Amino acid sequence: MEMKKPAIKSIPYEEFKDNETLEKLLNELNKERTNVIVGKLDDIINWGRSNSLWSLTFATSCCGIEFMAVGAARYDFARFGFEVTRNSPRQADLIMVAGTITHKMAPVLKRLYDQMAEPKYVVAVGGCAISGGPFKGSYHVLNGVDKILPVDVYIPGCPPRPEAMLYGMMQLQRKVKIENFFGDKNRKHNSNDIPNEPIIVTNVPITPNENSEEQ
Amino acid sequence: MNPEFIDINDFRARMETLRRTGMNFLRDIIGMDWGEEGLGAIYSLENTSTGQVLQTAVRCCDREKPSIPTVCDLWSVAELYEREVYDFFGIHFAGHPDMRRLYLRNDWVGHPLRKDYNEDEAINPIRMENEIPEDVQRPYELAEDAEMEISDKLTNKIHGDQYIINIGPQHPATHGVLRFRLALDGEEIRKIDIHCGYIHRGIEKMSEKMTYPQILALTDRLDYLSAHQNRHALCMCIEKAMGIEITDRTQYIRTIMDELQRIDSHLLFLSCAAMDLGAITTFIYGFRDREKILDIFEEVTGGRLIQNYNTIGGVQYDITPDFAKKVKEFCQYQKGKLQEYNDVFTNNIITRKRMIGVGILSYDDAISYGCTGGTGRASGWACDVRKRHPYALYDKVDFKEIIYKNGDCYDRFLVRLDEIVESIHIIEQLIDNIPEGDYKVKTKPIIRIPEGRYSASVEGSRGEFGVFIESKGDKSPYRIKFRPMGLPLVAAMHKILKGAKIADLIAIGATLDYVIPDIDR
Ligand code: SF4
């Protein structure tokens with residue numbers, strides 16, 4: 001059967017091959033501000049950090065099954081340094097938000113995120129986590145996790161193919177590599193010169209939790 | 001099928017008679033909003049020994065304070081079904097012991113499936129504060145100046161001095177986002193309170209605004225491990241309503257795909273059950289073999305997990321030329337692997353110790369709770385829709401309905417392993433005989449279902465999946481209801497877990513094999 005080249009509207013084909021942009025950016029950024037000793041230490045630390053990102057086991061629906069498949073036999077994200085998933089947010093470096101987030105789940109997700117130790121990253125997996133996906137019009141679905149969490153990488157798809165997830169996770173590794181651990185260029189304090197600044201939209205009133213028994 | 005409308009005053013007596021005369025399986029309770037005519041519910045019943053099916057309905061004209069007598073003492077599963085109807089329609093079930101919302105937060109305003117529900121975001125914004133369970137209260141305490149004042153401590157009204165622990169919604173062993181609140185006495189479970197709704201996506205309400213082909217896309221995302229079967233059910237229901245005859249070729253393709261999906265789901269079940277009990281190797285093995293099915297799916301349908309394959313009047317694309325060869329190869333491969341699972345997991349002493357005799361669900365309870373699928377069959381209930389009400393090609397193929405007797409975790413596990421063999425057997429009978437012909441019949445560009453009520457059910461990967469449509473002759477349904485496969489299973493957990501040890505919760509939850517988005521819809 002002859003296959004037509006699928007028409008993808010929003011992303012030009014060349015973009016897919018353009019994996020090097022972030023790395024180029026990294027080099028440029030580092031050229032300007034590398035302090036010889038601290039810069040080298042940063043390199044070593046970031047090399048280590050980016051290659052041992054452990055994710056939280058967090059899946060609410062369909063995308064979560066694909067996430068499991070990425071961790072299992074054929075795709076095996078351990079090859080790229082995502083060695084294991086952790087069941088406790090205290091031990092996790094990143095949270096892969098795989099699946100629809102509903103109104104009832106939103107405060108739980110937020111709390112899980114708050115429980116993670118810095119530095120921490122958020123990856124939005126699939127249409128639901130990005131914008132509400134197929135359930136955008138529903139009365140009980142949060143239209144995108146970026147309304148409550150700062151998202152670092154978006155992986156589109158419904159569900160994204162395992163290769164797409166791996167690609168997204170590797171983009172996150174690149175992002176980790178351009179962070180500075182030492183000096184005043186800390187991610188939280190001075191993030192102006194870091195590209196892809198995480199977006200935080202806080203139109204949601206966040207009140208401290210009062211229900212101590214349930215914790 | 002049109003339901004038998006019962007006057008609300010005779011309702012209770014009529015249902016009692018029905019229960020006494022052998023209607024022992026309550027398939028579903030469908031909440032309804034008939035607008036001017038009031039709110040109500042449709043009950044779908046079945047007699048498991050004769051196979052007789054019946055629908056009854058009751059209506060209540062008071063829209064402000066609607067109330068219907070409960071039936072949860074007649075059929076245990078009604079306890080959760082009625083809470084669902086209360087949540088969505090605000091119908092109060094008189095005599096229900098625990099009338100709370102099931103899916104939405106306690107502070108939710110309104111009942112979403114009512115036709116007059118106000119969807120304004122401002123009324124129900126995203127609330128980021130924690131939800132306080134309804135059964136806790138702030139006690140009065142004697143302050144130092146001898147005044148009574150409300151303390152800021154929360155105490156638990158229902159459970160008294162038992163120890164309460166919370167499992168989920170984010171817990172790897174709940175297979176998604178289900179939440180249990182357990183009352184423990186030492187290690188023993190005294191009471192379990194199930195909180196659903198963490199993945200309630202409002203599919204039924206959304207469907208009321210969508211056209212039928214659009215709704216099809218949502219069924220795949222209910223129970224993504226029964227994607228084909230779910231969609232098959234809805235297509236079947238619509239075809240039945242519109243009187244569309246589908247071709248033999250379609251029937252063959254659908255049946256084969258359903259069975260491949262079942263194997264896929266059971267392999268995932270095996271993997272996850274094993275991982276919950278700590279056997280990572282089996283997890284890897286299961287996923288390795290599952291990928292082989294996903295390859296076939298991907299080649300034919302373009303999707304791995306969510307395939308969007310069935311469509312009204314047929315299937316989206318024809319099968320590929322080497323489909324039969326690939327499937328046969330897979331069947332051969334899979335047969336050889338079953339022994340491997342047995343060696344590494346099923347016959348393992350730890351597995352046997354943790355599963356045999358644990359979490360017993362009796363035959364009567366299985367029916368009363370409506371636990372269909374592998375769970376029911378492990379308790380000895382022959383509940384397979386493929387045998388009870390054959391559809392597609394299931395009356396033409398020869399296969400065994402796997403039935404075990406004990407109803408414990410081990411039996412529930414074995415049922416699924418054996419079903420893999422039966423599914424392969426079904427596929428092998430069909431794969432060489434796929435007739436030539438169209439894979440899809442032409443339908444009208446705009447699908448309208450004639451006025452009336454229609455239902456259809458199929459055997460999903462984990463039980464009976466049903467679709468109910470009430471149509472007013474429009475492009476979109478007036479009400480569409482999916483019978484969840486998982487809700488009866490979690491309802492039965494209450495029974496299974498009573499007196500069990502907390503560590504057994506994991507084995508029991510794993511072998512019940514529920515998928516949460518299917519429960520929450
Ligand atoms: S993006 Fe698609 S596959 Fe992923 S959770 Fe949402 S509906 Fe499911």
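If the segment from B:E299 to B:T21 were pulled out straight at 0.36 nm per residue, it would be longer than the present Cα-Cα gap by 95.0 nm.
Quick one: check the C-alpha center-to-center distance for segment B:189-258 versus segment B:331-401, whole angstrom. Cα centres, segment B:189-258 to segment B:331-401: 22 Å.
For segment B:237-290, state which GluC sites (Glu not before Pro) are in a DSSP loop and have at most 15 other beta carbons lying within 10 Å of their beta carbon. Working shown, then result.
Details: sites: B:E239, B:E245, B:E259; in loops: B:E245.
Answer by residue number: B:E245.
The simple Förster model, with R0 at 41 Å and r as the Cβ-Cβ distance, assigns B:K337 and B:K475 a FRET efficiency of 0.30.
Full extension from B:Y363 to B:K396: what is 0.36 nm times the residue separation minus their Cα-Cα distance, to one decimal in nm?
9.0 nm
Taking every residue in B:193-200 and counting other chain Cβ atoms within 10 Å of its Cβ, the average works out to 5.
Remark: for residue pairs B:K240/B:K475; A:K177/B:K292; B:K115/B:K475, the C-alpha separation exceeds 26 Å in A:K177/B:K292. Pairs over the 19 Å Cα-Cα cut-off, from the set A:K136/B:K205; A:K120/A:K175; B:K325/B:K440: B:K325/B:K440.
Of the Cα atoms belonging to chain B, the radius of gyration and Dmax stand at 23.5, 90 Å.
Note on the protein assembly as shown: Cα convex hull, mean projected area over all directions, 35.7 nm².
Just how large is the dipole of segment B:4-137 about the Cα centre, in debye to the nearest 20, putting +1 at every Lys and Arg Cβ and -1 at every Asp and Glu Cβ?
Approximately 440 debye in magnitude.
Fully extending the segment from B:E188 to B:E36, taken as 0.36 nm per residue of separation minus the present Cα-Cα distance, adds 49.7 nm.
Take every DSSP beta bridge whose two residues both sit in the protein assembly as shown, then give the antiparallel share in percent to the nearest 5. Present the calculation step by step, with values, prior to reporting the outcome.
Details: 54 of 73 bridges.
Roughly 75 percent of the beta bridges in the protein assembly as shown run antiparallel, per DSSP.
Between B:G176, B:N310, B:M485, the Cα set farthest toward the positive side of the dipole of chain B (charges on each charged residue's Cβ, about the Cα centre) is that of B:N310.
Taking every protein chain into account, the 1.4 Å probe leaves A:K136 with about 110 Å² of accessible area, to the nearest ten. For the chain pair B and A, the interface hides roughly 4700 square angstrom of accessible area in total, found with a 1.4 Å probe. Solvent-accessible area per residue in the protein assembly as shown equals 40 Å², computed with a 1.4 angstrom probe and all protein chains kept.
Taking every residue in B:116-128 and counting other chain Cβ atoms within 10 Å of its Cβ, the average works out to 4.
Estimated purely from DSSP H runs of n ≥ 4, each contributing -39500 (n - 2.57), the mean residue ellipticity at 222 nm for chain B is -11500 deg cm²/dmol once divided by its residues.
Of the listed residues B:E299, B:E329, the order by accessible area with a 1.4 Å probe, largest first, is B:E329, B:E299. This model, with +1 at the C-beta of Lys and Arg and -1 at the C-beta of Asp and Glu, gives chain B a dipole about its Cα centre of some 1120 debye.
Enumerate the helices in chain B for which the Kyte-Doolittle hydropathy averages -0.5 or more and the C-alpha atoms extend at least 30 Å along the helix's axis, using complete DSSP H runs.
TM-like helix candidates: B:248-276, B:280-301, B:409-431.
Mind checking the dipole of segment B:199-325: about its Cα centre, +1 per Lys or Arg Cβ, -1 per Asp or Glu Cβ, Debye to the nearest 20?
Values: 14 positive and 18 negative charges, 57 e Å.
In total the dipole reaches around 280 debye.
Computed from the alpha carbon atoms alone, the convex hull of segment B:318-413 holds 131 Å³ per residue.
Summarising the amide proton neighbourhood of B:A57: residues at separation of 5 or more, or on other chains, whose placed amide H is nearer than 5 Å comprise B:E4, B:F5, B:I6, B:Y43.
Roughly to the nearest percent, how much of the accessible area of chain B is carbon and sulfur, given a 1.4 Å probe?
On the way: 9210 of 18900 Å².
Percent of accessible area from carbon and sulfur atoms in chain B: 49.
Under 16 Å from the 7 Å Cα→Cβ point of A:A117, by amide nitrogen: which residues of segment A:132-174? Under cut-off, by backbone N: nothing.
The values are calculated or read from the model by the stated rules, or taken from the named source; none is laboratory data. In this text, all values refer to a predicted model and were calculated from it rather than measured experimentally. Note: ideal-geometry Cβ built from the backbone for every residue, glycine included; neighbour counts use all protein chains shown. All accessible areas refer to the heavy atoms of the entire protein, side chains included, with ligands and DNA or RNA removed. Shrake-Rupley method; radii C 1.70, N 1.55, O 1.52, S 1.80 Å.
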